[in-house]
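Below is one structure, written out as structure tokens, with a few remarks after it.
Every number here is computed from the coordinates shown, using simple stated rules; none is lab data. Everything numeric in this text was worked out from a predicted model, so none of it was measured. When we count neighbours, we look across all protein chains shown, and the Cβ atoms used for this are built from the backbone with ideal geometry, even at glycine.
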Amino acid sequence: MWVYTAQRILYAVPIALGVTVVCFALVYLAPGDPVQMLLPPDASQADVEFLKKLYGFDQPIPIQYFKWLMRAATGDLGVSLQTSRPVFDEVSRALSNTIVISLGAVMLAFSLAFVLGTIAAYYAGQPADRIVTGISVIGVSVPNYWLGIVLIIVFAVELGVLPATGMGSKGSDNFSLASWEQVKYAILPTITLSMVPLGIIMRSTRAAVAEVLAHDFVQTLRAKGLSELAVLRHAVRNALPQVLAVMGLQFGYLVGGSILIETIFTWPGTGFLLSKAILTRDIPVLQGAILILALCFVATNLAVDLLQTAVDPRIKRA
Amino acid sequence: MTPKRPKLDTVPPGDPRDRGGKVQPMLIVNGLKKHFRIRGGFLNRKVLHVRAVDDVSFVVLKGETLGIVGESGCGKSTLARLLMHLIPRDSGELIFDGEGVGEGHGITLRELRRNMQMVFQDSYSSLNPRLPVQDSIAYGPSVHGKPRAEARQIARDLLAKVGLKPELFGSRYPHELSGGQKQRVNVARALALSPRMLILDEAVSALDKSIEAQVLNLLRYLKRHFNLTYVFISHDLNVVQYISDRVLVMYLGQVVEIGPVEEIYRRPKHPYTRALLASRLSMNPDERIDDPPLTGDPPNPINPPSGCRFRTRCPFAEDVCAAKEPALGTWSDRSTHLAACHMEDETSGHSRTGRALAECKPAFLAATAS
Amino acid sequence: MTDVTLGQNAPLVFDDDAPAIKVRGYWATVGNRLRYDYVSLFFAAVIILIVLAAIFAPLIAPFDPNKTSMAFRLKPIGFRSFLLGTDELGRDMLSRLIYGGRMSLLMGLVPVVIATALGGTLGVIAGFLGGPVNMLIMRTVDIFYAFPSVLLAVAISGTMGGGMSNGLLALTLVFIPPLCRIAETATTQVRNLDFVEAARASGAPTWSIIIHHVLGNVISPVFIYASSLISVSILLAAGLSFLGLGVEPPTPDWGLMLSTLRQAIYVQPYVCALPGLAIFITSLSFNLVSDGLRHAMDVRI
């Protein structure tokens, strides 16, 4: 078991390294001189030369990569061109905000989707199943940025009960679950974010539970005289690991892919940071944010993988 | 002046493809070895060897049916694929009709394919689910240069020969056929290249008994009609007895016994063969077996026991069995009956040498009392 | 030793009963199943409508989509001859929506098609050759898999400065890894099946085996997966445009329209929601049709 854990962790390392290579290469994709990318437009020539030497732009690319990687490993991801604050600080602060709504979205989606998916699997083929499947297809097809706008229109514009944008009445940066004043800002983004996971988790649940219900041992349970509810409980317990894995993956996906929602709701998370960076061509922030988000995704996948193996020993990928 | 060698892709009567003559064995297998490397241990670092086929030697005579029996994991299927050159061998030689195969030898691999074909076990994947069966059969000839129409006609003729009306079954898909019908298609596909030898790997194992009987009779008919040689691999002793002329018994990658079918079934020499035969259930309810003749699972082919591999399950095992590996002996003709057992070898030092084991009856334990 | 005669008298030919089912080709079976799938048929019709509208946009659109009018800004639905209202620059929404369909369909279909061709080929090569080639290709694919697709698309097109061609490139790169993986898995599975071994045993060259036996069985899962990616591509492409990473204004594009109209939701909420509705309907239609296609093509009796 621990051998397997070590193997999976070791396996994730080259992937993470590959990710860093891709992130590093992104800067070179951008049109224009990479050095100019890292400096505000009004920098003096001396600054340019200094930066060139510091980042080693006059040296071959592998050395540049290595230097960049070493710096990144110590937390130095450069400085934002806009705010002149260290990229790492900006991103980590934004990350906590993103995690708030992502976690909320996944938990909301899971609680609904799991119940509905199980119902759909139990009543497979009947109207209840088709309705639930329909909902899940809609959840996956709806452009969540549009849904966000619609929700804003409904709740903020027409009904005026929830705030449209931002994270706090005074544009605050910190978030606490304690006060309703703050929480109500998070409601709409969370609901919007939960749409796609809702669809996906519903589909996975339905598939997993339906598969378990088709197993012979379910017949055995019924033959023993167990009530339908008890049988369903057994089936659900067997399907749970698979669904939890999907849920974990969705969480990772949301953290990395929340840019659209956060832009709409002006929620100061990593996604919003990214879109600002794109607008202002703030390359250090862009690069740093992408790197951290991608690495988070790798870490989440790894965690889900290990947890799944711990719960279900049958799953052991070569 | 060397006479012109006949081409191997046509079969006029009298079989001029026969190059070696009547006495030349169709196939000579010499010291065949195949070890699979697997990784184990921490970080998949240690390399272990699964000794699937370990120093196997035998001969297949022209026109005979050689049955190969053994339990699961004894290496039968690997052996089949080695004979067919589907997987590369580690060492040993395979001589077909007196000639080696490959570059620098008598016949090329491609020519071998026209002479030796394989019938697979009927599984859902033995036929391409996307092709009508006549196209599956016609694929082989078309690959060897026959135009489409001619290949298709060959396929349809073969379908008729195996008992499936081509008008009815030609354009059907595999999922529209029953198990027995699919197996007939498999046989037809193997015959499409007009081979001289067929290897049948568990060809009837997945079929119901009545269908199995029909397919076996079909195989016997085709053998006469096409002048074929069969190597019939199976774990079903009754089937092998029905169809074989000679039988070869495998255990854990090695040949333990070989001989004519009546000899093997009536007077088996190797304890393993005896145990196998004794575990067959009799139709007579009075002959019940109370104790199983053979218990336990075969040992791990990665680390087989030293000396004789069967000694861990053999009731006659002695020290010499752990020390020295028994040799099969030299084979001379089709009536030779050999067993790789120290009890057969007078010079081995085993206490029971020279004493023939009693005739085989279901009550195995009674025989050992002698 | 055996007491049972093993059917020496069993007849040799016994299969002259009429077939129980009418012999039908594979595609005919698929078509037959689809014929009764009303949901898929309905939404397939919707797709055809959208495609036709996009192709014949100049003939259908009532107004010039780029004609601005300061007087008629942000008019509601049904205002005079503007069937669906106007946007923040006075342009007719209906016309812009119809023209916008062109962009969305283009950005939705082209990346998937190219990614299927490239990723599928890569996957088949990796699956069939195995060994180090497989490792190299699949590990590289794994690295790209380590990015959430939205992030990767935004990263690539964002650093390259946006624009339509960069967007297409970014989306294609996002879709190549999953298609490559599907193709590789399918090829590896098929490669080990008995009929492929039988084909090898008949002495066929490798390329012939791939074309005749492997491809036919691999295309189906790849095709089904690709068709489900179309709706994702439409969503992602519109999302990129929403962020300003797609086409340049004033080109009509649903995602872009959604973004520019966002400021106006307090004034004309329903008009502002229309582009999103268009995206939703298109994406939904492709999703449902691809689902229906998957059920119909799953011929495993």
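Some points to look at:
- Take every pair of alpha-carbon atoms less than 8 Å apart whose residues are at least six positions apart; their mean separation over the length of segment B:195-275 yields a relative contact order of 24 percent.
- Exposure proxy order (Cβ contacts within 10 Å, fewest to most) of A:184, B:76: A:184, B:76
- Neighbouring partner chain Cβ atoms per residue of C:155-168, average, 10 Å criterion: 4
- Within straight-line cross-link reach of residue B:22, aspartates and glutamates at Cα separation under 16 Å, skipping those fewer than 8 residues along the same chain: B:64, B:97, B:99, B:333
- Sites residue C:270 and residue A:83, calculated FRET efficiency, Cβ-Cβ separation with R0 60 Å, nearest 0.05: 0.95
- Largest to smallest principal axis extent of the C-alpha atoms in chain B, angstrom: 66, 58, 53
- Spherically averaged projected area in nm², based on the convex hull that wraps the Cα atoms of segment C:175-217: 3.0
- With all pairs of separate Cα atoms included, chain A yields a Kirkwood hydrodynamic radius of 22.2 Å.
- Ascending count of other beta-carbon atoms within 10 Å, so fewest first, for A:185, A:11, A:122: A:11, A:122, A:185
- In terms of surrounding Cβ atoms within a 10 Å radius of their Cβ, B:272, A:28, B:230 rank from fewest to most as A:28, B:230, B:272.
- A compact globular protein would have a Cα radius of gyration near 2.2 N^0.38 Å; the ratio found for the protein assembly as shown is 1.18.
- DSSP bridge orientation in the protein assembly as shown - percent antiparallel, rounded to nearest 5: 60
- Angle between chain A longest axis and helix A:61-73 axis [Cα atoms, degrees, rounded to 10]: 70
- Take the Cα of residue A:216, step 7 Å toward its Cβ, do the same at residue A:93, and the gap between the two points is 6.2 nm.
- Greater than 24 Å apart at Cα, pairs in B:62/B:182; B:33/B:76; B:161/B:182; B:209/B:269: B:62/B:182; B:209/B:269
- Placing a pseudo-label 7 Å from each Cα along the Cα-to-Cβ vector at residue C:60 and residue C:121 gives an inter-label distance of 3.4 nm.
- For residue B:164, nonlocal amide neighbours, meaning residues 5 or more places apart or on other chains whose placed amide H falls under 5 Å from its own, do not occur.
- The phi torsions of segment A:90-105, fed into the Karplus equation with coefficients 6.51, -1.76 and 1.60 and a -60° offset, translate into couplings of 4, 5, 5, 5, 5, 4, 4, 5, 5, 4, 4, 6, 5, 4, x, 5 Hz, rounded to whole numbers, with Gly and Pro shown as x.
- Look at the stretch A:132-143: the mean tally of other chain Cβ atoms within 10 Å of its residues' Cβ atoms is 5.
- Loop-located GluC sites (Glu not before Pro) in segment B:99-130, at most 12 other Cβ atoms within 10 Å (DSSP): B:103
- Max mean-square fluctuation residue, GNM over chain A, Cα-Cα springs under 10 Å, options A:155, A:272, A:251: A:155
- The mean number of partner chain beta-carbon atoms within 10 angstrom of a residue's beta-carbon across peptide C:268-280 is 4.
- Note on segment C:166-301: with charges restricted to the Cβ of Lys and Arg (+1) and Asp and Glu (-1), its dipole about the Cα centre is near 100 debye.
- Segment A:65-171: Rg to Rh, with Rh as the Kirkwood radius over Cα pairs: 1.16
- With the highest mean first, a sort of the peptides A:199-208, B:124-133 on other beta-carbon atoms found within 10 angstrom per residue produces A:199-208, B:124-133.
- Rounded tilt (10° steps) of B:209-226 against the dominant C-alpha axis of chain B: 70
- Antiparallel %, DSSP beta bridges [both residues in chain B], to 5: 60
- Most mobile listed residue (B:189, B:224, B:156) in chain B, GNM with C-alpha springs under 10 Å: B:224
- What the Cβ-Cβ distance of residue A:124 and residue C:192 gives, at R0 = 41 Å and to the nearest 0.05, is a FRET efficiency of 0.80.
- Mean shadow area of chain C, taken as a quarter of the surface of its Cα convex hull (nm²): 24.4
- Remark: spin-label model distance residue C:39-residue C:83 equals 2.9 nm, labels positioned 7 Å along the Cα→Cβ axis.
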